[in-house]
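K.L.:
Input: one structure, supplied below.
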Amino acid sequence: MSATENAEIAAALWYCGASRAEIRREVLGSPGAGEVRVRSLYSAISRGTESLVFAGRVPESEFARMRAPFMAGDFPFPVKYGYATVGRVEDGSPALSGRNVFALYPHQTRFNLPAASALVLPDDVPPLRAVLAANMETALNGVWDAAPGPADHIAVIGAGVVGSLVAYLCGRLPAARVTLVDINPARTELASALGVGFAEPAKAERDCDLVVHASGSPDGLNTALQLAGDEATVLEMSWYGDRVVGALLGGPFHSRRLRLISSQVGSVAPSHRPRWSHRRRLAAALGLLTDPRLDVLLAPEIAFGDLPERLPHILAPGSTTLCQPVAYS
């Protein structure tokens, strides 16, 4: 079959202006050498990053570093952006044909992808839950950076998807006491489902051995600094885009010898970098999604065609949506 005969029209979501998105059509040719064609089953909105992209708040200094692996266009707009898609391989590789795979690809109905960039889902990870893989990869990298230990008292500030996954991973350490801290008391049930404790900021335990901040709010960072014990580590996982953030680095910050470090998924954590590739880390993240309890992070799915209309609500600052799955017919 020729490339022309096998061409079809795909549809993709584009962020086309501040708080504006649209679905655009594009011609999709045959997979090239070493490529596969994937038909999307689900994708997920990454609220933290995509809300900044949607609002046009990616700083110019970060235009290059913030490019997703298969992004199209250029910041600030228009951009085809996203990195959490699960689909079924339809063509291009007999070994992968018919297999469900995860790809760091934007929201699009069908796409061609290098076969090496398609990770086969484990048999015990359903396609819908697999959209959490990119967030789990971020959480895993953060836990490597934080280096928690058994029996540690750990606070995780921010019960969004990444913070919840960090708390979930830390909660699997023997005898670790993990508390998910959030201003929304309704997150109590989420924490319980993930097997960790919950507290509002004013009631959270202090003198923690480790505090992870993932709320995206400067107030959350200051809460993290207040909850850390002497000489403890505060791991900052939030990314603020173009916002200037004020942190309480006066007072007892220096006398208590607190350690404030950053974590970002673009690079493998230094503790694992000599041995781990990005692909190995992402495969490990997929393998960590076997637990049905993680389904509590998934909002009711919405249709791909409804995205332009629904995005302003999903990405609004006050939205309580956790992981928003997108379904493709």
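The values are calculated or read from the model by the stated rules, or taken from the named source; none is laboratory data. Just so we're clear, the structure is a prediction, and the values are computed from it rather than from any experiment. Here Cβ is always computed from backbone atoms with ideal geometry, including for glycine, and neighbour counts include all displayed protein chains.
K.L.:
Among the numbered criteria (1) in contact (Cβ under 8 Å) with a residue 40 or more places away in the chain; (2) surrounded by fewer than 17 Cβ atoms within 10 Å (Cβ to Cβ); (3) in a loop (DSSP other than H, G, I, E, B), which one does Gly305 miss?
P.N.:
Evaluating Gly305 over (1) in contact (Cβ under 8 Å) with a residue 40 or more places away in the chain; (2) surrounded by fewer than 17 Cβ atoms within 10 Å (Cβ to Cβ); (3) in a loop (DSSP other than H, G, I, E, B) leaves (3) as the failure.
K.L.:
Quick check, is Gly149 surrounded by fewer than 24 Cβ atoms within 10 Å (Cβ to Cβ) and under 30 Å from Asp207 (Cβ atoms)?
P.N.:
When the stated conditions are applied, Gly149 passes them.
K.L.:
In the stretch 179-198, which residues are among the β-branched types (Val, Ile, Thr) and within 14 Å of Leu297 (Cβ to Cβ)? Give the steps one after another, and end with the answer.
P.N.:
Here is the first cut: in the stretch 179-198, the residues among the β-branched types (Val, Ile, Thr) are 179, 181, 183, 188, 196.
Correct list: Val196 only.
K.L.:
Take Arg177 and tell me if it is in the same structural domain as Glu236 (by TED's automatic domain parsing), among the basic types (Lys, Arg) and over 21 Å from the mean Cα position of the chain (by Cα).
P.N.:
Numbers: in the same structural domain as Glu236 (by TED's automatic domain parsing): yes; among the basic types (Lys, Arg): yes; over 21 Å from the mean Cα position of the chain (by Cα): yes.
Spelling it out, Arg177 is indeed in the same structural domain as Glu236 (by TED's automatic domain parsing), among the basic types (Lys, Arg) and over 21 Å from the mean Cα position of the chain (by Cα).
K.L.:
Out of curiosity, is Ala175 surrounded by fewer than 20 Cβ atoms within 10 Å (Cβ to Cβ) and either touching a Pro at 6+ places or on another chain (Cβ under 6 Å) or not in a strand (DSSP E or B) (or both)? Spell out the reasoning first.
P.N.:
On the way: surrounded by fewer than 20 Cβ atoms within 10 Å (Cβ to Cβ): yes; either touching a Pro at 6+ places or on another chain (Cβ under 6 Å) or not in a strand (DSSP E or B) (or both): yes.
Yes; evaluated as a whole, the condition is true for this residue.
K.L.:
Return only the number of the condition from (1) out of contact with any helix residue (DSSP H, G or I) (no Cβ under 7 Å at 6 or more places or on another chain); (2) in the same structural domain as Ala155 (by TED's automatic domain parsing); (3) at pLDDT 95 or above; (4) not basic (Lys, Arg) that His213 does not satisfy.
P.N.:
All conditions are met except number (1).
K.L.:
Within the stretch 56-63, is there a residue that is at pLDDT 95 or above, assigned to a strand (DSSP E or B) and under 19 Å from the mean Cα position of the chain (by Cα)?
P.N.:
Scanning the stretch 56-63, I find no residue that is at pLDDT 95 or above, assigned to a strand (DSSP E or B) and under 19 Å from the mean Cα position of the chain (by Cα), so the answer is no.
K.L.:
Out of Arg275, Arg310, Arg280, Arg257, report the one residue that is at positive phi and modelled with pLDDT of 95 or more.
P.N.:
Arg257
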